[in-house]
Amino acid sequence: MRTSKAVLCLVASIHLIAGLISGSASATDQPLVLERTILLENVAGRIDHMAVDSVGKRLFVAELGNGSVDVVDLQTGKVVHRISGLEAPQGIAYLAGLDLLVIANGGDGSVRFFHAGDLSPSGVIVLGDDADNIRVDPHTGYVLVGYGNGGLAIVDPTTRSKVGEIPLAGHPESFQLDPNTDRVFANVPDARQIVVADRKLHKQVAGWKTPGLSGNFPMAIDGTTGQLAIVFRSPAKLALWDLATGATTENVDTCRDADDLFFDDKRNRIYVSCGEGAIDVVQRRREGLRIAGHVTTSSGARTSLFAPELDRLFVAARAGSLGSGAAILVFHPSP
């Protein structure tokens, strides 16, 4: 009896990932438990960022190297649609109020809009170069997109038009919007600084230096505690910054080649996903930060998405050289 290629790929993926995880510790010892593996068939190259429709239980996956975006039904664990023909999709956002999918493409510098219901095209804006991360302003509904040699484009998703821009000192690798003020914080590693800008005034208002640290790529913000978390690649270190003063409050060594991190407020944790093939779980305690777990994934699995409304961490694993196919690893935090 002939076994299908998809089944073989799935088995290889499960065996590889299960072997890596069991090699580090049993599932019960981990603060993150691998709940399931969702296969992404015929996906090659690097996978970038993700977005989630928590009501419709859909996950949107930007497959940069494949030039596509997959739509995953989280209830069935199946890919139900693929948007193809994109030029290196990187950033992605789902706008629930408009039921709109926004995709930033690094290859042609475009921001493309799709009706999330049937995934039909709904407009395009060309920014010029390397359209990357996307964030949604909760106060205005505008979409901010990092792009080019140094800028945040401000886009009105209702009119599909660019309505403003915040110049930066270099390309923003990640940025976050302060939910309590009009400030936006951006990692600009080429300038070795964290840029603080005003999204109403459309200009930089401060620049925080990072002495002894470089490669500041992922960033997360906790508006409740007034903390900004940043992971540097050289040396590999997670640092917390005070939003009010711009001072570093504490830091801890972390996994290498980080590309995403998220606060888990329910458990007072931070999740860091790294290309070395690991997720570091950092516990925030009164006496300081502590690594509470080092969960093995697979080499190159840098990007992730924590969805607190679903209480799940999604990690994108690219196709590997050992026969494993591309997949989404779905982790459930414990306890």
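The values are calculated or read from the model by the stated rules, or taken from the named source; none is laboratory data. Owing to the predicted nature of the structure, the values given are computational and were not obtained by experimental measurement. Every residue, glycine among them, receives a Cβ derived from its backbone with ideal geometry; neighbour counts consider all protein chains shown.
Please enumerate the residues belonging to region 222-255 that are at pLDDT below 95 and among the hydroxyl-bearing types (Ser, Thr, Tyr).
THR224, THR225, THR245, THR248, THR249
Per-residue answers, yes or no, for (1) under 19 Å from the mean Cα position of the chain (by Cα); (2) modelled with pLDDT of 95 or more; (3) in a loop (DSSP other than H, G, I, E, B):
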| site | (1), (2), (3) |
| --- | --- |
| ASP132 | yes, yes, yes |
| ARG135 | yes, yes, no |
| PRO138 | yes, no, yes |
| GLY141 | no, yes, yes |
| LEU144 | yes, yes, no |
| ILE154 | no, yes, no |
| THR159 | no, yes, yes |
| ILE166 | no, yes, no |
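It is to be established whether one or more residues within region 192-214 are touching a residue at least 12 places away in the same chain (Cβ under 8 Å), of a type in the set (Ser, Thr, Tyr) and within 23 Å of ILE125 (Cβ to Cβ).
no
When you look at GLN227, is it under 26 Å from ARG284 (Cβ atoms), surrounded by 15 or more Cβ atoms within 10 Å (Cβ to Cβ), without any contact (Cβ under 8 Å) to a residue 40 or more places away in the chain and polar (S, T, N, Q), yes or no?
Numbers: under 26 Å from ARG284 (Cβ atoms): yes; surrounded by 15 or more Cβ atoms within 10 Å (Cβ to Cβ): yes; without any contact (Cβ under 8 Å) to a residue 40 or more places away in the chain: yes; polar (S, T, N, Q): yes.
Considered against the rule, which asks whether it is under 26 Å from ARG284 (Cβ atoms), surrounded by 15 or more Cβ atoms within 10 Å (Cβ to Cβ), without any contact (Cβ under 8 Å) to a residue 40 or more places away in the chain and polar (S, T, N, Q), GLN227 comes out as yes.
Do you know which residues across region 120-130 are part of a strand (DSSP E or B) and without any contact (Cβ under 8 Å) to a residue 24 or more places away in the chain? So that I can check it myself, show each step before the final result.
Here is the first cut: in region 120-130, the ones part of a strand (DSSP E or B) are 121-126.
Those that are part of a strand (DSSP E or B) and without any contact (Cβ under 8 Å) to a residue 24 or more places away in the chain: PRO121, VAL126.
Residues being under 15 Å from LEU243 (Cβ atoms) and either part of a strand (DSSP E or B) or not hydroxyl-bearing (Ser, Thr, Tyr) (or both): count how many of those fall in region 178-194.
Taking region 178-194 and keeping what is under 15 Å from LEU243 (Cβ atoms), we get 178-187, 194.
If we keep only those that are either part of a strand (DSSP E or B) or not hydroxyl-bearing (Ser, Thr, Tyr) (or both) as well, we get 178-180, 182-187, 194.
Counting residues in region 178-194 that are under 15 Å from LEU243 (Cβ atoms) and either part of a strand (DSSP E or B) or not hydroxyl-bearing (Ser, Thr, Tyr) (or both) gives 10.
Of all residues in region 136-173 being among the charged types (D, E, K, R) and touching a Phe, Trp or Tyr at 6+ places or on another chain (Cβ under 7 Å), which is nearest to VAL111 (Cα to Cα)?
We begin by selecting, within region 136-173, every residue among the charged types (D, E, K, R); these are 137, 156, 160, 162, 165, 173.
If we keep only those that are touching a Phe, Trp or Tyr at 6+ places or on another chain (Cβ under 7 Å) too, we end up with 156, 160, 173.
On the way: ASP156: 12, ARG160: 9, GLU173: 17 Å.
Result: ARG160.
Looking at region 65-78 only, could you name the residues that are out of contact with any Ser or Thr (no Cβ under 9 Å at 6 or more places or on another chain) and free of Cβ contacts under 8 Å to residues at least 60 places away in the same chain?
Scanning region 65-78 gives ASP70, VAL71, ASP73, GLN75, THR76, LYS78.
Of all residues in region 230-261, which are among the acidic types (Asp, Glu) and closer than 10 Å to ASP280 by Cβ?
Going residue by residue through region 230-261, those that are among the acidic types (Asp, Glu) are 242, 250, 253, 257, 259-260.
Passing the criteria: only ASP253.
Out of all the residues in region 248-281, which are among the small types (Gly, Ala, Ser) and either in a strand (DSSP E or B) or within 16 Å of ILE221 (Cβ to Cβ) (or both)? Walk me through it before giving the result.
Step one: filter region 248-281 for residues among the small types (Gly, Ala, Ser), giving 258, 273, 275, 277-278.
Within region 248-281, ALA258, SER273, ALA278 meet the criteria.
For residues in region 165-186 being touching a residue at least 12 places away in the same chain (Cβ under 8 Å) and exposed (fewer than 15 other Cβ atoms within 10 Å of the Cβ), which is farthest from VAL145 (Cα to Cα)?
Pass one, region 165-186, residues touching a residue at least 12 places away in the same chain (Cβ under 8 Å): 165-180, 182-186.
Of the ones still in play, those that are also exposed (fewer than 15 other Cβ atoms within 10 Å of the Cβ) are 167, 179-180.
Numbers: PRO167: 12, PRO179: 17, ASN180: 20 Å.
My answer is ASN180.
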